[in-house]
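Derivation of every value follows stated rules applied to the coordinates shown; laboratory data play no part. Because the structure is predicted, anything quoted here is derived from the model rather than measured. Positions of Cβ are generated from backbone atoms using ideal geometry, with glycine treated the same way; all protein chains shown enter the neighbour counts.
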Amino acid sequence: MLHVLRTACLALVLTGPYSLLGADWPRFRGEDGSGISQEAGLPVEWSEKEGLLWKVDLPGPGSSSPIVSRDRIFVTCYSGYGLNQRDPGDQKSLKRHVVCVEPKSGKVLWDISIESKLPEEPFRGIGVPNHGYASSTPAADGERVYSFFGRTGVIAYDYAGKEAWRAPVAPDPKTHSFGTASSPIVWNDLVIVPAGIECEAVVAFDKRTGKEAWRSSLEGYGALWSTPVLIGTGDAQEILISVPGEVWGLNPRNGKLRWHSETFADSNICPSPVVHGEIAYVIGGRRGGAAAVRLGGKGEVTQSHRVWSQSGGSYVTSPIVLGAHMYWVNDRGIASCIKVETGVNVYSQRIEGAGGVYASPVAAEGRLYVVTRRNGTFVIEAKPEYRQLAHNKLAGDDTDFNASPAVSDGKLYIRSDRALYCIGKTAAKL
């Protein structure tokens, strides 16, 4: 028995406290980009008095999601310009921020402000004002955190806040009235950045040096604010990216196109694709569409690999696939469920009181957590019969909640334009 205890203690010393933490959430929509967490013990109901473990004010607004990596939370923000549509101020004052927070206490460990490459897209109309200048979720690999800020480029920091490198995606990146929103992902030694808006390309950088490793053209397909996912294992790994009217499989080693399939006709794409089994599911577009495509093949595979394609979908938010069904909540607050095998609609149900939704839902323990822009978080069952379990609001914060939550260590991390919140089950009082 003593030997067993000594062995356990030695293992704890060797692995450190990291082994006791919940799973990381190191990129947009979690480890694999599915939006699904295996965490247990998440709360269903909460308020300022019950379940709010801590709140920390942020240096400015942003629509990027928080991420969690190696006992650190990272989130991006912007300040100095575009805080008021009537009086946006001077672009010369626009700064981006990368903020590092300790997850147990909510203590800000560091906050780095970054000068922006100008001119930026003006803060006007309905585009940029809806989500701002910090909408791309960072990605982390346990050593560095990588943030993408459009024209300002990609910037890498170590976990102590020391800059490792920065690199532009093009000599003079473009802007767009709807701004920048695609998020980077990490594969092996590469940081892969979908820069469709900025330069009609997917650009990969060496994650240690910031040197460009490869560039894959998106010419003619650059109207996307989507984030790719990685699929497969070993030599069969691919980058799966949804572009207007098609879905592509790219070789992550060199960015070359392996296969492509038509999906549904539309002009731009915001939602990220998801994979379940051997099938990729994509939704998106102004008119709304959805499609299922079997993975693999070479070249044009529409006729051989597209399983189904139809109208209906979500313009902004990404879907969740659980078992035999796919779920999403569109930007108007309508929850939908379809059969993944056929695409047949099971239900479309307006979430009463939800209003607008920009955040993609996350799933855990058979539940969907849906963060709305201005009316709290709804919890609904992830089942083919619609059932609302809870509606949770945090009083005193009337700013936009545009970001998808992060899930780690039995807690939800939710950010608004004002603050970052840690939601968990409150310990029983002794």
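Near the amide H of TRP54, under 5 Å away, which other amide H atoms are found, from residues 5 or more places off or on another chain, if H is placed in the peptide plane? Amide H neighbours of TRP54: CYS422. Any lysines with Cα under 21 Å of the LYS211 Cα? List them, leaving off those in the same chain fewer than 8 positions away. The qualifying lysines are LYS117, LYS162, LYS174, LYS256. Between GLU341 and LYS92, the simple spin-label model (points 7 angstrom out along Cα→Cβ) gives 6.5 nm. Computed over the chain, the convex hull of the alpha-carbon atoms projects to a mean area of 22.1 nm².
Taken about its Cα centre, segment 342-416 carries a charge dipole of about 60 debye when Lys and Arg each add +1 at the Cβ and Asp and Glu each add -1 at the Cβ.
Of the GluC sites (Glu not before Pro) found in segment 157-253, those in coil by DSSP whose Cβ has at most 12 other Cβ atoms within 10 Å are GLU219.
Which trypsin sites (Lys or Arg not before Pro) in segment 266-359 sit in a loop by DSSP (not H, G, I, E or B) and have at most 15 other Cβ atoms within 10 Å of their own Cβ?
ARG286, ARG287, LYS298, ARG332
Modelled spin labels at SER105 and ALA395, positioned 7 Å past Cα toward Cβ, are 2.9 nm from each other.
Would you work out if segment 361-430 is rounded, prolate or oblate? Take a ≥ b ≥ c from the square roots of the eigenvalues of the alpha-carbon gyration tensor; rounded if a/c is under 1.5, else prolate when a/b is larger than b/c, oblate otherwise. Judged from the Cα gyration tensor, segment 361-430 comes out oblate (a/c at least 1.5, b/c at or above a/b).
Taking 0.36 nm per residue of separation and subtracting the current Cα-Cα distance, fully stretching the chain between GLU300 and ASP57 would add 82.6 nm. Averaging the sequence gap over all C-alpha pairs within less than 8 Å and six or more residues apart, then dividing by the number of residues, gives segment 254-326 a relative contact order of 35 percent.
Using 0.36 nm per residue, how much length does the chain from ASP158 to GLU219 gain when fully extended, once their Cα-Cα distance is taken away? Walk me through the numbers on the way to the answer.
Working: separation 61, 0.36 × 61 = 21.96 nm, distance 3.34 nm.
Fully extending the segment from ASP158 to GLU219 adds 18.6 nm.
Electrostatic tally near GLN91: other residues with Cβ closer than 14 Å to its Cβ, Lys and Arg +1, Asp and Glu -1, net +1. A helix-only calculation puts the chain at -1500 deg cm²/dmol for mean residue ellipticity at 222 nm, using -39500 (n - 2.57) for each DSSP H run of at least four residues, averaged over all residues. Less than 13 Å Cβ to Cβ from TYR327, Lys/Arg counted +1 and Asp/Glu -1: what total charge do the surrounding residues give? Around TYR327, the surrounding residues sum to +2.
Annotation: amide H of ARG306 within the under-5 Å range of ARG294, sequence separation 5 or more or interchain, hydrogens built in the peptide plane. Please identify, among ALA419, ALA40, ALA265, the residue showing maximal mean-square fluctuation in a Gaussian network model of the chain using a 10 angstrom Cα cutoff. Result: ALA40 has the largest fluctuation of those listed.
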